[in-house]
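In what follows, a structure is listed as structure tokens, so that the remarks can point back to it.
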Amino acid sequence: MSLLVVGLSHRSAPVSVLERASLSPDTQAKLLQDTLAAEPAVEASVLATCNRIELYADVDKFHAGVAELSTLLARHSGVGLEELTPYLYVHYEDRAVHHLFSVACGLDSMVIGEGQILGQIKDALALGQDLHTAGRLLNDLFQQSLRVGKRAHSETGIDRAGQSLVTFGLEQLAQGTDVETWARGKRALVIGAGSMSSLAAATLARAGVAEVVVANRTHERAERLVRILTEPGGTGVRARAVDMAAAGDELTRADIVVSCTGATGLVLGVEAVEAALKSREPHGEGTPLALLDLAMPRDIDAAVHRLDGVRLVDIESLAEASADAPMAADVDQVRTIVSDEVAAFGAAQRAAHITPTVVALRAMAADVVAGEVARLEGRLPDLDERQRSEVAQTVRRVVDKLLHAPTVRIKQLAAEPGGAGYADALRTLFDLDPETVAAVSRADLNDADVKNRGRV
């Protein structure tokens, strides 16, 4: 295993750099394809969220891999390599596994313990599978990270330490008031209909807002979100969908605005917000317009915070606020889970690495047995069918017994740290054909690719 991750996050880079380096879905796909075309990488996956961009790859050379992945991130993000480099972090092999497992548990999130990252990891795995850039290693890694994250949330109280970015943002807007008390009876405008916007709409509905208006570039997606909000047994909130072009008009009637789109430019500029303030309906007078911008890059011009009657919370202010958030005692328990899972994953990968060599050894032994049985039949042609079968079974049993203990033991040794060399030793001792071992590895990889397809 030569797993490498190169990335940047809210812990290593200012929000202004993260904002400029954000990757659109199309750019993520191109980044993966270009990474696979680069010489050091044979697999690749990208994890891109509002506060992190990470490129994972299986590489054959560490230094060349770091240089290539860093260059590719800079090229596709549009931030120059010299400017980006100081904010990049690098993790290799077990440290890379530890990092992703920690991310999956919410330990590396802006809001410790938040669970939304699991959906984002799931999306990253699906993209790698769809583009066939994630092979056996990254499929195993991302699948296991999802299981580790779910285990952390089910076995510990990490949920008590964390919350969604939406809830955290609404708490900042409420300024110490209970969110439900603050939001009750207000009108909300949600711009965007993706996963974060859907979570925001549902959170606001449960908090007791009087109405949720969803504005989105694709009207059908906005309508689908509205149906979810208003379906029988749901939140019971009044909701409707509008085209993105109507967002300005809806702004004049809104008390709370949450925006999280994939737009590359601003969705709400200073002029639009200023015009809405002048035209606000009577119910809004004296009530500050609360704006929550969860997009990266930002949807709402940061300059609107200078307008009277506006309170803006965005990713940058959330990062500052989260630095002071207390961590729950359960975090230590989650860290123990992560450490145990990293050790187990490493052992499984090292054991799997030697399997093709063991299979090739047993195949060679089977060929030897077949050859010797055929030679015996030529020398003793008078043996009947029952006798020939008994001789063949006896020879096979002898070979199986001779190979059993060494192959079991070598799998155990290979699973330990530093055990990768045992496969080379086995190939040398038994003079195994490298191409035979490689053929077994390729067949195993193809089987894994088929099994993993659609498992997300």
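List of remarks:
- Condition check for Gly194: surrounded by 24 or more Cβ atoms within 10 Å (Cβ to Cβ) and in contact (Cβ under 8 Å) with a residue 40 or more places away in the chain: no
- Cβ-Cβ contacts under 8 Å between residues 6 or more apart (or on different chains), taken from a first residue in the range 362-373 that is open to solvent by less than 50 Å² (accessible area, probe 1.4 Å) to a second residue that is polar (S, T, N, Q) and assigned to a helix (DSSP H, G or I), are listed as Ala363/Thr436.
- The range 319-335 - residue that is open to solvent by 50 Å² or more (accessible area, probe 1.4 Å) and not aliphatic (A, V, I, L, M) and, of those, modelled with the lowest pLDDT: Pro326
- When each of Thr261, Thr230, Thr235 is tested for being open to solvent by 10 Å² or more (accessible area, probe 1.4 Å), touching a Lys or Arg at 6+ places or on another chain (Cβ under 8 Å) and within 23 Å of Ile117 (Cβ to Cβ), the lone residue that passes is Thr261.
- Among residues of the range 290-310 that are in contact (Cβ under 8 Å) with a residue 12 or more places away in the chain and farther than 16 Å from Leu173 by Cα, those with a beta-carbon under 8 Å from a residue that is open to solvent by 10 Å² or more (accessible area, probe 1.4 Å) and charged (D, E, K, R) at least six positions away or on a different chain give the pairs Met296/Glu19; Pro297/Glu19; Pro297/Arg20; Arg298/Glu19; Arg298/Asp314.
Yes or no, residue by residue, for (1) of a type in the set (Lys, Arg); (2) touching a Gly at 6+ places or on another chain (Cβ under 7 Å):
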{"position": "Glu180", "(1), (2)": "no, yes"}
{"position": "Ala183", "(1), (2)": "no, yes"}
{"position": "Lys186", "(1), (2)": "yes, no"}
{"position": "Ser195", "(1), (2)": "no, yes"}
{"position": "Ala215", "(1), (2)": "no, no"}
{"position": "Val226", "(1), (2)": "no, no"}
{"position": "Asp243", "(1), (2)": "no, no"}
{"position": "Glu250", "(1), (2)": "no, no"}
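- The residues listed here are Val437, Val338; of these, the one that is surrounded by 18 or more Cβ atoms within 10 Å (Cβ to Cβ) and at pLDDT 80 or above is Val338.
- Considered as a group, the residues in the range 1-24 that are modelled with pLDDT of 90 or more and not hydrophobic (A, V, I, L, M, F, W, C) include one that is nearest to Tyr92 (Cα to Cα), and that residue is Gly7.
- Restricting Val391, Val456 to those that are over 30 Å from Asp58 (Cβ atoms) and either at pLDDT below 70 or touching a helix residue (DSSP H, G or I) at 6+ places or on another chain (Cβ under 8 Å) (or both) reduces the list to Val391.
- For the range 182-237, a tally of residues being under 25 Å from Arg311 (Cα atoms) and among the hydroxyl-bearing types (Ser, Thr, Tyr) returns 4.
- Just so you know, in the range 131-164 the residues that are of a type in the set (A, V, I, L, M), closer than 12 Å to Gly106 by Cα and open to solvent by 10 Å² or more (accessible area, probe 1.4 Å) include one that is modelled with the highest pLDDT, and it is Leu146.
- Yes/no for Thr181 being part of a loop (DSSP other than H, G, I, E, B), closer than 26 Å to Ala319 by Cα, open to solvent by 10 Å² or more (accessible area, probe 1.4 Å) and free of Cβ contacts under 8 Å to residues at least 12 places away in the same chain: no
- Test: Leu277 is of a type in the set (A, V, I, L, M, F, W, C), assigned to a helix (DSSP H, G or I) and in contact (Cβ under 8 Å) with a residue 24 or more places away in the chain: yes
- Ala302 vs. criteria in contact with a helix residue (DSSP H, G or I) (Cβ under 9 Å, 6 or more places away or on another chain) and either farther than 26 Å from Asp26 by Cα or buried (at least 17 other Cβ atoms within 10 Å of the Cβ) (or both): yes
- Condition check for His132: more than 19 Å from Val166 (Cβ to Cβ) and assigned to a loop (DSSP other than H, G, I, E, B): yes
- Here the range 1-23 is the region considered, the condition is being in contact with a Ser or Thr (Cβ under 7 Å, 6 or more places away or on another chain) and either outside any helix (DSSP H, G or I) or hydroxyl-bearing (Ser, Thr, Tyr) (or both), and the residue that is surrounded by the most Cβ atoms within 10 Å (Cβ to Cβ) is Val6.
- Check on Glu281, at pLDDT 90 or above and open to solvent by 20 Å² or more (accessible area, probe 1.4 Å): no
- The set of residues in the range 199-243 being among the hydrophobic types (A, V, I, L, M, F, W, C) and assigned to a helix (DSSP H, G or I) consists of Leu199, Ala200, Ala201, Ala202, Leu204, Ala205, Ala207, Ala222, Leu225, Val226, Ile228, Leu229.
- Test: Leu189 is open to solvent by less than 70 Å² (accessible area, probe 1.4 Å), in contact with a strand residue (DSSP E or B) (Cβ under 9 Å, 6 or more places away or on another chain) and modelled with pLDDT of 90 or more: yes
- Residues (under 12 Å from the mean Cα position of the chain (by Cα) and part of a loop (DSSP other than H, G, I, E, B)) located in the range 77-108: Cys105, Gly106
- Residue check, Ala254 assigned to a loop (DSSP other than H, G, I, E, B), surrounded by 15 or more Cβ atoms within 10 Å (Cβ to Cβ) and hydrophobic (A, V, I, L, M, F, W, C): yes
The values are calculated or read from the model by the stated rules, or taken from the named source; none is laboratory data. Quick caveat, the model's predicted, so the values are computed rather than measured. All Cβ positions, glycine included, derive from the backbone under ideal geometry; neighbour counts span all protein chains shown. Side chains included, ligands, DNA and RNA excluded: accessible areas come from the protein's heavy atoms. Shrake-Rupley method; radii C 1.70, N 1.55, O 1.52, S 1.80 Å.
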